[in-house]
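Here is the structure we will look at.
We did not get these values from a lab; they are worked out from the coordinates using the rules stated. None of the values given here were measured: they were computed from a predicted structure. Virtual Cβ from ideal backbone geometry, glycine too; neighbours counted across all protein chains shown.
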Amino acid sequence: MIRTKAQRSPIGLVALVLALVLALHLAYQLSLGIPARVRIEQEAVAQRLLQQIASAILQDPSRGNEPAAAFVLGASSAHPGLLALGRLDQGRSTQGAGAEQPADPSTAMTIDAIPADIARAAAALPMQPRFAVAPESGRLFGAMSIGRTSNEDGGRVDPAALAPEPVIYVVMDLAAAEDAERHRLLSWAGVWPWVLAIGLALLLALSTSRYAATRTLPRSGSGILAGGANPEADSEIRAESVEPRLAEVEHILDIAAVILVGLDLDGRVRLINRKGCEVLGLDREQIVGRDWAESFVPEREREQARRILARVTLENDEPLIAVEGSVICADGSERLIEWNNSRIRDSAGQLIGGLGSGTDITERKQAERALSYLVTLETVLVETSRSLVAAPADAVGPLVENALGTVARRMGAERAYVFVLSRDGTSMRNMQEWSASGLGLAGAGAPPMPTSLIPRWMETLQHGDDIRIDDVTKLPETWRVDREQLEQLEVRSVAAVAIRVAGRMGGFVAMEMLSDTHSWRDSEIRALGFLGDLIGGAFERRRNEQKLLDSRRRLEEIALYDPLTRLPNRRLLAERMDEAVVRAREQGLLLGVCYLDLDGFKPINDTHGHKMGDRVLVTVASRLRGCVREDDTVARLGGDEFVLLMNQMESLSDCAALLERVLASLAQPILIDGHSLAVTGSAGVTLFPQDAGDADTLLRHADHAMYQAKQQGRNRFQFFQPVKDQPDQAHKRELVRIREAIEGDELRLHVQPRVDMRSGRVVGVEALVRWEHPERGLLPPGEFLPLMEGDELLHDLDWWVMDRALRLLEDWRSAGLDLTMSLNLSACSLQDTGFVAALQEMLAQHPSIDPAHLLFEIIESEALRDIETTASVIRACAVLGVQFALDGFGNGYASLTDFRCLPAQVVKIDQTVVRDILRSRDGRNLVKGVIGIANAFQREVIAEGVESAAHGLLLMDLGCTLAQGYGIADPMAPEQLASWIKGFRPPQLWTDRPDVDWTTEDLSLLSLEAIHRDWVNRLVRHVSTDTAARLPELQPELCDFGRWYLGTGTTRYGEMPSFRSLDALHRQIHLHAGQLLALDRLDREALTDPITKLLAERDDLVAGIRSLQAEVLEHPSQDANV
């Protein structure tokens, strides 16, 4: 057989082998190795970036609205393969400020082309990144949802059932990264190891050249891997063994930094370099010849390894991809290897085995898993912190138990518990416990245990150290007592941290392993410490709230009960009387109120002293309680005066029988310290509802009847005889109810926006009070403010409104809203001598509020009652920075002299004047005159009652730009204001500012919006608050809008499409109005949705009217029907 010079020369053979290996290596790396490795690396980078962003947003939700990528990129030095990083917001991508902005349109298109299936997959499994590759563009897309990981078992969930949580994305340039890696491979940095290897190999070959003449190598590859298995090859091999040749090749490949393993077709090792031996921890002789899968692959992966080897040994050109697999080392440990496999053929092209090039990625995978673990654990702790901070005291226990189990599952613990120490620290009690399925509980809620059972444990925690026991059996002898206790509980491994409450150790939280030992990581101990701090804070908060509750209970006991007799006092009696009156009215039964005074008590008190008198009173109280029924009330008003509240009396005779028992019991002698003391009682009684008064009236009438009983001889009772001329108590009852509303937090503060019509900007709001009546619904101020006229309740209401308004201003300032708040001020508050000082004190409690943002409104007529006092208060408030507005101007009797003397900075034109300016020439002239006067005195002008866009247009023509009214916005709850401001757009009439002849017939069209709004408002008021309010016309042809539409409207605008579209909207509103009236007005919940729908339809019709107005005013000189 002919042999080449290279085959005969060791140097040529070495060069040939190295050239073959180098060519195979370069071909594989350029075609498969680099793309696979680059994708794995880029996915790891993308996953780390996504998890860091998620962690930051979960720790501080305010970053969810900021470019959260900025700080991540700063930490990662702006990875060169990163194209985009940001948040998906309802299908749109939001570029993070920290990422590079797209430099070309293609990159921007890539960002917008993030696959929808990736976003859906990410939303389905929160905190689990999902990746996809676009082969045509060479881009890697990644997405991850930041939702709460409530699906603890890891199962998939329906994305449609998930709340819309933020989804963050990342786009990596795989093509650029692959090009950079190929350039590195072909550059000097990638070639020099091979050059060095070739040099060393040639040097080695020269040193052994004297053996070249007597040795012959087999054909390329066959002698190395086949090991003599091929008979034809064996016939060509000389008598020398192939083993020295193997040694020579292996020596050459030992310089490689990767693992190189050559397998024959049977899967046995024929070649392995030094790196492979180091990883396995064995000598080459211990490895070569052994079955690779059987000897070095874990049993769980052997079948997969054999399938991979089978693909390598297939006689086809199917490409081989990089795979990951574990190998078993000599010490029993496992290493994770990334394999790049290739086929090896002999010179004749016959497949003789496979070559595996492996990289040890164990540490990298561990780091990735650790990062994912820390991010997940941090998320759990942040959610736990939020829940514990916001939870009420009675919910702390369940939340702690849930948090304990969640953190334990994340840490892989099998049991977790919280122990709380006694005050003296000598005992401990298991407060909360979590246990993995099947392990059972260790005794949560069991009796306290002495801390002496674990002395070193307690000593360690007391000194501020954490407990970290990886193996209980290896505890030193000094821990013998603790070890015995832990072994008795079958604990194999445990970690614990102290719980500190109010600066002292209040207990500890621990995690246990029962089935095996566990090496506790620093990150786990830190997480456990954080959980201990959270639990300690929650316990301290619960303890403080319990103390506050106990103190409040003691204070209530002092405030509501007589300290001597322990009977209810006057205050508690008043509360029970109110309840009893309501109950008696509902049940139709009698309520008896008895006022009782002792006869003969004063001589006992004077003769035997106050201590003896007190003991008599205690005895009397006991006897009175024994005479009445369980649901009756016995109260002491003071001295020797008592009140009996007798519920559910069916007749006058029942009440008389009970009173006779009471008087008979009191007449029995009282024996104290050998003294026989005698007292009797005189009682006056009144019955409700025959005496239909309030609680105070009933008590006063019973007192009056008691004096009649004393005048008739004492030791008797007398019923009150009502007279016909009793004053009407209805108004008084209403005032009492309003005071209860103020004190019971039934009032609500709504706001109505005020805008600059010229610029379309919202400049302020007016605070308007509403009463959320539990029975009558949301009442406007007209339902209850008139009842308060002249009463001190108005003063209380003013300060309530001021307090709520300042709180709202603080909240808005924090949210970035710069608005002025105007408040209505009553005359009684304005004329209070301490008003200015009290206002200054209240402003001092809100230092972040600029007083200039507060505007007090005083009605013109009230300001004129005492003009000097009003002026002095306005000037004093101006020093504080607070402004005043003269409200209702134009509807009172202020002269120019009065106006000049009142230094109010703002004038508000009364809404009754503004409403008529479209219909009345006199109204327009009056408003024009008010504006002129205000301008002459350099006062700002605000128009109230702007019911339509046309009102605003006319006011701007008259010189007033600030306005408020239902045509701009209805009064709304404060929490709705921000969204309303964001969506507010001024009407087209205001922005176009057409020239209008305010004397033409088109004025009826301009008045139409206000007419329609008034119709809807009257209907809603009739249904929801006041059935006495006049019901608007329900026939669509007969209401004001319908008559205009069928008359003037059809005549002038009938051919215009925008006019014809109004008819269907108008009839639809009337149809729903009839359905609304058919509902039960007492069912508030049933009325809510129909009223909301009616208001939305009102706004649709208003929009149509405004479109018609704009179209007509655009061509004022043309006939509308032309």
* Asked: Expressed as a whole percent, how much of the Cα-Cα distance distribution for region 391-548 exceeds 24 Å?
  -> 28 percent
* To do: Please sort by residue number the chymotrypsin sites (Phe, Trp or Tyr not before Pro) in region 867-959 whose DSSP state is loop and whose Cβ has at most 10 other Cβ atoms within 10 Å.
  => 893
* To do: For residue 602, go through the lysines and keep the ones whose alpha-carbon is under 26 Å away, minus same-chain ones fewer than eight residues off.
  => 611, 710
* **Most to least packed among 255-268, 1090-1103, 564-577 [average Cβ atoms within 10 Å]** => 255-268, 564-577, 1090-1103
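Assuming R0 = 60 Å, what is the FRET efficiency of residue 303 and residue 973, from their Cβ-Cβ distance, to the nearest 0.05?
Given R0 = 60 Å and the Cβ-Cβ separation, E is 0.35.
Between residue 1114 and residue 350, what length comes free when the chain is fully extended (0.36 nm per residue of separation minus the Cα-Cα distance, one decimal in nm)?
Values: separation 764, 0.36 × 764 = 275.04 nm, distance 9.05 nm.
266.0 nm is the gain from fully extending residue 1114 to residue 350.
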* Structure fact -> The simple spin-label model distance between residue 1075 and residue 783, using points 7 Å out along Cα→Cβ, in nm, is 2.5 nm
* Between residue 1103 and residue 116, what is the label-to-label distance in nm when each label sits 7 Å out along the Cα-to-Cβ direction? -> 2.6 nm
* Structure fact -> Counting Lys and Arg as +1 and Asp and Glu as -1 over every other residue whose Cβ sits under 11 Å from the Cβ of residue 915, the net charge comes to -3
* To do: Find, among the GluC sites (Glu not before Pro) in region 786-841, those assigned to loop by DSSP (not H, G, I, E, B) with at most 14 other beta-carbon atoms within 10 angstrom.
  => 789, 792
* Asked: Stretched out fully, how many nm does the piece from residue 571 to residue 368 gain, at 0.36 nm a residue minus the Cα gap?
  -> 66.3 nm
* To do: Just rank 658, 1019, fewest to most, by other beta-carbon atoms within 10 angstrom.
  => 658, 1019
* Asked: Taking the simple approach of a point 7 Å from Cα along Cα-to-Cβ for both residue 31 and residue 423, what is their distance in nm?
  -> 8.3 nm
* May I ask you to list the trypsin sites (Lys or Arg not before Pro) in region 689-718 that are in a DSSP loop and have at most 16 other Cβ atoms within 10 Å of their Cβ? => 714
* FRET efficiency for residue 1063 and residue 1093, using Cβ-Cβ distance with R0 set to 22 Å, rounded to 0.05 -> 0.70
* Structure fact -> With a Förster distance of 41 angstrom and the Cβ-Cβ distance between residue 654 and residue 557, calculated FRET efficiency to the nearest 0.05 equals 0.80
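For each of 118, 858, 672, count neighbouring Cβ atoms within 10 Å of the residue's Cβ, then give the residues from fewest to most.
672, 118, 858
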* Of the listed peptides 1051-1058, 827-834, what is their order by residue-averaged count of other C-beta atoms within 10 Å, with the highest listed first? -> 827-834, 1051-1058
* How compact and how long is region 700-838, expressed as Rg and Dmax of its alpha-carbon atoms in Å? -> 22.8, 84
* Structure fact -> Extension length gain for residue 564 and residue 23 (0.36 nm per residue less Cα distance), in nm, is 184.2 nm
* Asked: Sorting 942, 558 on the 10 Å Cβ count, fewest up front, what's the list?
  -> 558, 942
